[in-house]
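Visitor: Have a look at the structure that comes next, please.
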Amino acid sequence: MISEQSVAPERKRGKLFFSPFLHLKKLYAFIGLLLVLLFFVVPVFRLGLLSVLAEGSFSLAHYREVLQEAATWTTVKNTIYITIGSTVLAIVLGVTIAWVMAYVHIRGKRWIQLFIFLPFIIPSYITTLAWIQFLGKSGPIQSVVGWAPNLYSMGGIIFLLGLSHYPLVYLFTVDVFRKIPRELEEAAKTAGAGRKHILLKIVLPLALPGIAGGGLLAFLTNLDNFGIPAFLGIPANIRVLSTYIYEQIVGFGPSAFARAAVLSVLLGVIALFGTFLQWLLLKKSRVTETVTRDMEPRLFLPEKKRRLLEAVIWLFLLVTSLVPFLTMGALSLIKAYGLPFEIENLSFKNYQYVFLTDDKTGSALWNSLMLAVMTTVICLIAGTVMAYIRYRKPGFFSKMMEVLVTIPYALPGTVLALCMIFAWMQPVPGWNPGLYGTVWILLIAYVTRFFVLQVRGSYTALLQVDPSMEEAARTSGAHGWVKWRSILLPLIFPGLIGGALLVFLMVLTELTVSSLLWSSGAETIGVVIFSYEQAGYTTYSTAFASVLVLAILTGGLLFTAFSRRWERKVMKKK
Amino acid sequence: MIQLHDVSKQYGSFTALHSVNLTMKHGEFTAILGPSGCGKTTLLKLLAGFMEPTSGEIQMDGSLVASKHQLIPPEKRNIGMVFQSFALWPHMTVYDHIVFPLRHHRHTQDEWKKDMVARVQHVLKMVGLDQLFDRYPSELSGGQKQRVALARAIAPLPDILLMDEPLSALDVELRMDMRTEIQRIHRETKACIVYVTHDQGEALAMADKIVVMNKGKIEQIGSPEDIYTKPETAFVASFVGKCNMVKGKWEEGRFTPRAFPWETWPDIGVAESLKQEGFCPVRPEQWAMADESGEGLKGTVLSVQYQGKEVHYVIEVEEEKWTVHQSIFSRRYQAGDTVSLAVKAAEQQPVFV
C-alpha cells in the first residue's frame, strides 16, 4: 500500500549558498604550513646556524675547537661502540623472539606479547634504576650468588640499551615474518631443502627489509638515548654524545652553547643519516606489505621441546621485565641504602619523605601532570586535524607536512632541547618573550617532540574507517561538527585515545629534553628522579620510580579494558 | 533536473572524465553503465558533491552547484545516496540510521521532524524492515543491510537518489529481489535516480534511460531497448549486447562480410555510425545455425556449453571466434563439427499495449 506521504509531496527548496571554502582552504593550508615551519623546522635551522657563528659572523672556529679535542673523539668512539653493540643485541633478541612468535606453535602468545611491549611504556631510565637494584649490593643476585656484573660500564650500558629497545626490532620483524607466504617454504621443502637451508636462503633474505628497518630504528633510539648512559655512564666516566652535550650545557663554559651546538650537529648528522638509510630500506620493502598476515603457526614442536621453549621464553621475559621492578619495589622499602632486606629494616619512610616532606616532588608531579595533560590535548586536537587532512587529501603536500613534523622526533632529545633553547630564547632577534627558564618552554618542546606520535595514531585510526562512512553522513545532511560527533569520533575514539595515552605517558616520564630545559620551580618527574640518583639518594629515586611504574601499569590496564569495552558496547564487535 | 555541461575531471595527469554533457529529468531512472575505470564512479561523486570538476558546470534545478571554482557540498544538496559497501555505521541501530538524515537533512519536511518515529516506521515498512529497528548492522544479513542503506537514503525524500553499484555486494538471488524493490521505491518516491553499475542486466531491467560510458566518455544515451538493439558504437554493441563484430562493407542497405565476399546480409537495424565504420554487429541470438550443407559462412565448433534455457557455442570462422546462442530445441552440434552461420531476418517490432 502506498500512503500519501510517500507520493512525492512538495519538496522544500532552500536557497543554495556557495561555500567560500575553496578560498578559505588555501588560506588554512598556508597558515598550517607556516605553523609547521615555525615550530618544527626553524628551530633545527637555528641550531645549525649557531654552530657556524662566532661573534656574529660566519666561522668554523667552534668546529675547529671541538674537533681538535681528544675528549670529543673518545666520546664519538664510545657512542659508536655503544650504539652498534646495543643495536646488535637488540636485533638478535628481537629477531629471535619475532621468529618464534611468528612461526612456532607455543601457548600464551597474547601474554608474551604484552610482556614484550612492557619496555615501551616504562621509560628506560626507570628500567635502569630497577636493574641497578636487581644487580646491586642488596639485590637477589648478590645475596644468592655473591657476585653480580657491574652495570656501570660499557657492557652495562650496551646490555640495558639492547634490552630496552629490542621490542622495536620485534615489532618491525614479526609481521614481516608472518607475511612471508608459507608456500615459499613449502616449495623449498619439496625441492629438497633442509630446515636450516630454508631459514638461511628463504626466510631471512625475505625478512631482511623488516630486520634492517627495525635495526636502524633501534640504532637511532640507542644513539638518542640519554637516560641509560646518564644513569650508568656519568658515574663511571663513560661519555656518549648525548650525555656530553648535556654536560656542556650544565657546565656553563664560556662557549657552552656553541660547543653543544657543534656536538649536536655531529649527533644530528649521524641520526639523520640513519633516518635516511631507514627510509630508503623501508621504501624498498613496500612490496611485502601487500601480502596478508598469516597468523597460524608453521612449526609444531613435540610436547617436551615446546614446554622447554615456553619455559625459556617466560624465564627471559620475567627476568628482564618483571623481577627487576619487583626488586626495585621491595628495596624502596628499606630504611637506609645498604641495609639487608629484612623485616625490621622495612618501612614507608622513603615514600613519606618523597611524597610528603620534599616539596620538589610535589611540584614536579604537578608540573609533569599539567604538562602531560596540556601537551596531550594540544597534540590530540592539532594532530588529529593533520591526520584527517592526510587521510582525506593524500598527496605531496600532506606527506611533506608529516615528514616535517617527524624531524623533532627523529632528532636526539638533547639536540632537540638545544634547538628549543636557541629558537625560543629569542624567536625574533632582539625580542625575548621570557619562555626559556619557565615551564612553557617545556610545553613547546614536548608538543614539538611528540606531535608526530598523535598524528600517526590518529591517522592509523582513521585508516580503519571506510571513506563511505563519512560520505554517507554527508549525503544524509550532516555538516562538519555533527559529522565528527556522531560518526567519525565514535569510530576512531579508541585509536585516538591510544595515541593520546602514548603522548601522555611519554611526557609524564620524559627525561632527556627536560634535563636541559628545566628550571628551578619547573622540575619534572624525570628530572627529580635523576637528581635524587645523582645526589646518591637511591632509596628516594626507587620509591618515586616504583610509584610511577605502578601508575603506568594501572593506566595501561585501564586503557586495555576501556578499548575492549568500547569495541563491544559501541562498535558491537564480538 | 540535473544538467552537466562539458564536465571534465582530472586526477593529476589522468583524465577520468572527458567533457561530459548529460541531462537527467525529474523522476527519471538513469543508469550509468560501463566497465570499471570508465569514469562512472567519478561522475557519481561529482553529482554528490564530494569534489569539484576540473572544468565545466553542474546544475541542479536550474542553479549552479559545481564548477571549477565553486562547490555546494553534499550536505547542502537535496540528495540521498546508497553506497556499494552499504556504509552503515557500526555503532548505530537501524532506527538511528533512519533518524540521522531526518534530523540533519535540509530538505526533511517539518511534519516528519515533529514525529520522527512515525516516519521511521513508514520508511522501514517501505523497505520491508519494520521488525528490525533496534538491530545493529553486525546483526543484519547482507540483504537487510542494503535495505537499511536504502531506507536511510530515501528517508528525507530527496529529489535525487544516487546509487553506487548497490547490488554488487549481494549474491545473485538477492540481487533479483532487490531489483524489484528498487523499482517499487522509484515508483513510490518519484525521485530522480542515478544508478551506477557495470552489470548491463541491472541497467536494462530497471532504467528509463541508460548512459553507456567508456574511458571517461559517453558512448551512447538511450532507452534500454535502443541501447540493446541499436548500438551506435562498437563498444556499446559488444559491452551491452555481447555482439559479434563482423567486419565488412555496407552497400545499398546490404552487408557483405569481408571474409566472405559472396554473402550479402539484410540490414537488421544497424546504426549509421557503425555502417560507416564497416561493422555489422550480430548478437549471439541473431545467428541461424545449420549443418555443413546449409547456406552461409562455414565455421568449426570450438566449444559447447549447455545453459539450461539455451546452448552456447563458440564458433571459429576465419580465425575469429564468434559466440552463438541457440534454443535447446534446435539441432545440437559437438566440438569439431563444421557448421554454417547466417543472420536471421530483421526482428519483429515489439508491440506495446
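Visitor: For the stretch A:184-255 and the stretch B:46-91, what is the separation of their Cα centres, given in Å?
Guide: Measuring centre to centre over Cα atoms gives 51 Å.
Visitor: May I pose another question? Can you tell me how much longer the chain between B:Met51 and B:Thr338 gets when fully stretched, taken as 0.36 nm per residue apart minus their C-alpha distance, in nm with one decimal?
Guide: Gain on extension, B:Met51 to B:Thr338, equals 97.7 nm.
Visitor: Using C-alpha positions alone, give me the convex hull volume of the stretch B:22-136 per residue in cubic angstrom.
Guide: In the stretch B:22-136, the Cα convex hull volume per residue is 149 Å³.
Visitor: Then there's this: I need the per residue convex hull volume for the stretch A:426-475, using only the alpha carbons, in cubic angstrom as a whole number. Working shown, then result.
Guide: On the way: hull volume 6.5 nm³, N = 50.
Output value, Cα hull per residue: 130 Å³.
Visitor: What is the Cα centroid distance between the stretch A:112-148 and the stretch A:392-426, reported in whole angstrom?
Guide: 34 Å
Visitor: Next question, about the same structure. Take each complete run of DSSP H in chain B, measure how far its Cα atoms stretch along the helix's own axis, and keep only those covering 30 Å or more with mean Kyte-Doolittle hydropathy at least 1.0; list them. Please report the intermediate quantities before stating the final value.
Guide: Working: long enough: none.
Taking the DSSP H segments of chain B (at least 30 Å long, mean hydropathy at least 1.0), we get none.
Visitor: What relative contact order, as a whole-number percentage, does the stretch B:2-226 give when Cα pairs under 8 Å and 6 or more residues apart are counted?
Guide: 30 percent
Visitor: Between B:Ala288 and residues 5 or more places away or on another chain, which pairs have amide H atoms under 5 Å apart, with H built 1.01 Å from N, and which residues are they?
Guide: Residues meeting the amide H criterion: B:Ala342, B:Val343, B:Lys344.
Visitor: Still on this structure, please answer the following. Quick one: order B:Glu319, B:Glu139, B:Glu232, B:Glu57 by neighbouring beta-carbon count within 10 Å, fewest to most.
Guide: Least to most surrounded, the residues fall as B:Glu319, B:Glu139, B:Glu57, B:Glu232.
Visitor: Once the Cβ-Cβ distance between A:Asp466 and A:Trp147 is put in as r, and R0 is 45 Å, what FRET efficiency do you end up with, to the nearest 0.05?
Guide: The computed FRET efficiency comes out at 0.15.
Visitor: If you don't mind, another one. Which of the chymotrypsin sites (Phe, Trp or Tyr not before Pro) found in the stretch A:86-178 are loop residues per DSSP with 15 or fewer other Cβ atoms within 10 Å of their Cβ?
Guide: When the chymotrypsin sites (Phe, Trp or Tyr not before Pro) of the stretch A:86-178 are filtered for loop state and at most 15 Cβ neighbours within 10 Å, A:Trp147 remain.
Visitor: Still on this structure, please answer the following. Find out how many positive minus negative residues lie around A:Arg456, taking Lys and Arg as positive, Asp and Glu as negative, among other residues whose Cβ is under 12 Å from that of A:Arg456. All intermediate terms of the calculation are to be shown ahead of the outcome.
Guide: Values: positive: A:Arg390; negative: A:Glu402.
With Lys, Arg at +1 and Asp, Glu at -1, the neighbours total 0.
Visitor: Okay, next question. Please rank B:Cys243, A:Cys419, fewest neighbouring Cβ atoms within 10 Å first, as an exposure proxy.
Guide: B:Cys243, A:Cys419
Visitor: While we're on this one: So which aspartates and glutamates can A:Lys393 reach, going by Cα to Cα under 16 Å and dropping same-chain residues fewer than 8 places off?
Guide: Partners found: A:Glu402, A:Asp466, A:Glu470, A:Glu471, B:Glu52.
Visitor: Check cross-link reach from B:Lys247 to the lysines: straight Cα distance under 18 Å, and skip same-chain residues fewer than eight apart.
Guide: Partners found: B:Lys230, B:Lys275, B:Lys298, B:Lys321, B:Lys344.
Visitor: Out of all DSSP beta bridges in chain B, what portion is antiparallel? Express it as a percent rounded to 5.
Guide: Roughly 75 percent of the beta bridges in chain B run antiparallel, per DSSP.
Visitor: Which whole-number percent is the relative contact order of the stretch B:246-343 (Cα, under 8 Å, 6+ apart)?
Guide: 27 percent
Visitor: How far is the Cα center of the stretch A:427-494 from the Cα center of the stretch B:223-300, in Å?
Guide: 62 Å
Visitor: Which value, to two decimals, describes the C-alpha radius of gyration of chain B once divided by 2.2 N^0.38 Å?
Guide: 1.18
Visitor: Okay, next question. Using only DSSP helix segments of four residues or longer, with each worth -39500 (n - 2.57), what per-residue ellipticity at 222 nm results for the protein assembly as shown after dividing by its residue count and rounding to 500?
Guide: -17000 deg cm²/dmol
Visitor: Here is a follow-up. How much of the DSSP beta bridge set in the stretch B:56-196 is antiparallel, as a percent to the nearest 5?
Guide: Counting DSSP beta bridges with both partners in the stretch B:56-196, the antiparallel share is about 30 percent.
Visitor: Can you list the residues, at least 5 places off or on another chain, whose amide H is less than 5 Å from the amide H of A:Leu301, using H built in the peptide plane?
Guide: Correct list: A:His105.
Visitor: Pull up all non-local amide H partners of B:Asn244: gap of 5 or more, or a different chain, and H-to-H distance under 5 Å with H placed in the peptide plane.
Guide: Under 5 Å from the amide H of B:Asn244 lie the amide H atoms of B:Val282, B:Arg283, each far enough along the sequence or on another chain.
Visitor: May I ask you to give the average projected area over all directions of the convex hull of the Cα atoms of chain A, in nm² rounded to one decimal? Working shown, then result.
Guide: On the way: hull surface 147.5 nm².
Result: 36.9 nm².
Visitor: Ok, one more. Simple spin-label model, 7 Å along Cα-to-Cβ: A:Ser363 to B:Asp110 in nm?
Guide: Result for the modelled spin labels: 6.3 nm.
FYI, it's all coordinate maths here, none of it is from the lab. Everything numeric in this text was worked out from a predicted model, so none of it was measured. Glycine gets a Cβ as well: all are built from the backbone with ideal geometry, and neighbour counts include every protein chain shown.
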